Amino acid sequence: MEKIGIGIIGCGYWGINYVRVFEELGESQVIAVCDRRPERLAEVEKRFPGLDSTTEFEELLASPHVDAMVVCTEASSHYPIVSKCLAAGKHVLVEKPMTTVATDAEELLNLAEAKGATLMIGHTFLYNAGIRQVKNYIMQGDMGKVYYLYSRRTNLGPIRNDVSALWDLAPHDISIFNYLLDSKPEWVSAVGARVLGNGRADVGFMSLGYDNNVVGHVHTSWADPHKVREVVVVGSDKRIVFDDLNSQERVRVFEKGVKRMDPQEGGYGEYQFLMRDGDIVIPNVEASEPLKNECKHFLECITLHCQPLTDGKNGLDVVRVMEAIDRSIELRGAPVEVA
């Protein structure tokens, strides 16, 4: 089978990782890479000798050997770059967030459909075996009723030049919440702070309201010296913790919970609460690289002409939530409905 030719735009940390992964996968071949910074191209050439490179991404668009493009540039540049890639008939995998404006995301979605091209968003955590494990617990009903979720995504930077910490980090958690609940939030309430004085919110606290009265909460920060990558789901029968930084115990299941019991007939008409206490279980989580899982899925979608798990609609949903978060911050935390 002929390999799928890959062009990569943006050679920062993630760009170089995409080069490595697509070179390792047998179904693809990296044809060329692009970056406006010669020093980044030099780094790629050092690690991957013989790989073609350019500072002009139009050269990749013109190449008949490039079937698909990976876009991992600054978020604010995603729309103009991806639109040109799709217009040229290329399949596209673009890093999150899909765009920084919902109407731009809608245009990309329509353009991909018109061109018959695969458009996939790099919501990498949906390809993480730990998150998949949490999803299985919810789908099987082992948690009982889901009460709420919360996540923390904090570290000292890296600080972006074009978007806030909320736009940089929260799309991960919003995509995770949407995936776990198989839903999207109806409203959001958010506050942010510019503690570093760089003109953008460096810290954010976001609440998301889903149907069935399920609430999610996201805390993001570029200014916290304690690096955390954690998602917690609390249900009536179990509490599940996903800790991406704990390679030995990535998922922990606390078999504890509380649920309301209907008042017994002939009683005082008061609700009773049943407390459940149990063990802490460490399930076996498949050892796999999320980025490699994501890239393999991208290639499969191109070959089989199927819809990606993290397709353009998935990306658009997240951008709409982020826009509502921005509006809520402007209103000092007032709830805002998600379009």
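If you go through segment 244-277 and keep only what is more than 30 Å from residue 312 (Cβ to Cβ), part of a loop (DSSP other than H, G, I, E, B), modelled with pLDDT of 80 or more and of a type outside the set (Asp, Glu), you end up with 245, 246, 247, 248, 256.
Yes/no per residue for (1) hydrophobic (A, V, I, L, M, F, W, C); (2) modelled with pLDDT under 95:
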| site | (1), (2) |
| --- | --- |
| 286 | no, yes |
| 289 | no, no |
| 293 | no, no |
| 298 | yes, no |
| 306 | yes, no |
| 309 | yes, no |
| 320 | no, no |
| 326 | no, no |
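Of the residues making up segment 275-308, those that are surrounded by fewer than 16 Cβ atoms within 10 Å (Cβ to Cβ) and within 18 Å of residue 119 (Cα to Cα) are 300, 303, 304, 305, 306, 307.
Given the options 58, 95, 43, name the one that is closer than 30 Å to residue 165 by Cβ, over 25 Å from the mean Cα position of the chain (by Cα) and either modelled with pLDDT under 95 or buried (at least 19 other Cβ atoms within 10 Å of the Cβ) (or both). Result: 43 is the single residue among 58, 95, 43 that is closer than 30 Å to residue 165 by Cβ, over 25 Å from the mean Cα position of the chain (by Cα) and either modelled with pLDDT under 95 or buried (at least 19 other Cβ atoms within 10 Å of the Cβ) (or both).
For residues in segment 183-213 being among the acidic types (Asp, Glu) and farther than 10 Å from residue 165 by Cβ, which is modelled with the highest pLDDT?
So the first thing to find is which residues in segment 183-213 are among the acidic types (Asp, Glu), and the list is 186, 202, 211.
From what's left, farther than 10 Å from residue 165 by Cβ: 186, 211.
On the way: 186: 98, 211: 95.
Result: 186.
Of all the residues in segment 145-182, those that are of a type outside the set (Phe, Trp, Tyr) and more than 18 Å from residue 323 (Cβ to Cβ) number 17.
Of 165, 201, 193, all but one fail to be without any contact (Cβ under 8 Å) to a residue 12 or more places away in the chain and under 18 Å from residue 332 (Cα atoms); the exception is 193.
Using the structure shown, decide if residue 134 is β-branched (Val, Ile, Thr), buried (at least 23 other Cβ atoms within 10 Å of the Cβ) and under 14 Å from residue 322 (Cβ atoms). Explain how you work it out, then say what you get.
Numbers: β-branched (Val, Ile, Thr): yes; buried (at least 23 other Cβ atoms within 10 Å of the Cβ): yes; under 14 Å from residue 322 (Cβ atoms): no.
So residue 134 does not fit the description; no.
Among residues of segment 313-334 that are closer than 17 Å to residue 169 by Cβ, those with a beta-carbon under 9 Å from a residue that is surrounded by fewer than 19 Cβ atoms within 10 Å (Cβ to Cβ) and among the aromatic types (Phe, Trp, Tyr) at least six positions away or on a different chain give the pairs 324/187; 328/187. When segment 233-253 is filtered for residues that are buried (at least 17 other Cβ atoms within 10 Å of the Cβ) and not acidic (Asp, Glu), the ones remaining, listed by number, are 233, 234, 235, 238, 239, 240, 241, 242, 250, 251, 253.
The values are calculated or read from the model by the stated rules, or taken from the named source; none is laboratory data. Computed from a predicted model, the values in this text were never measured in an experiment. No Cβ is skipped: glycine too gets one built from the backbone with ideal geometry, and neighbour counts run over all protein chains shown.
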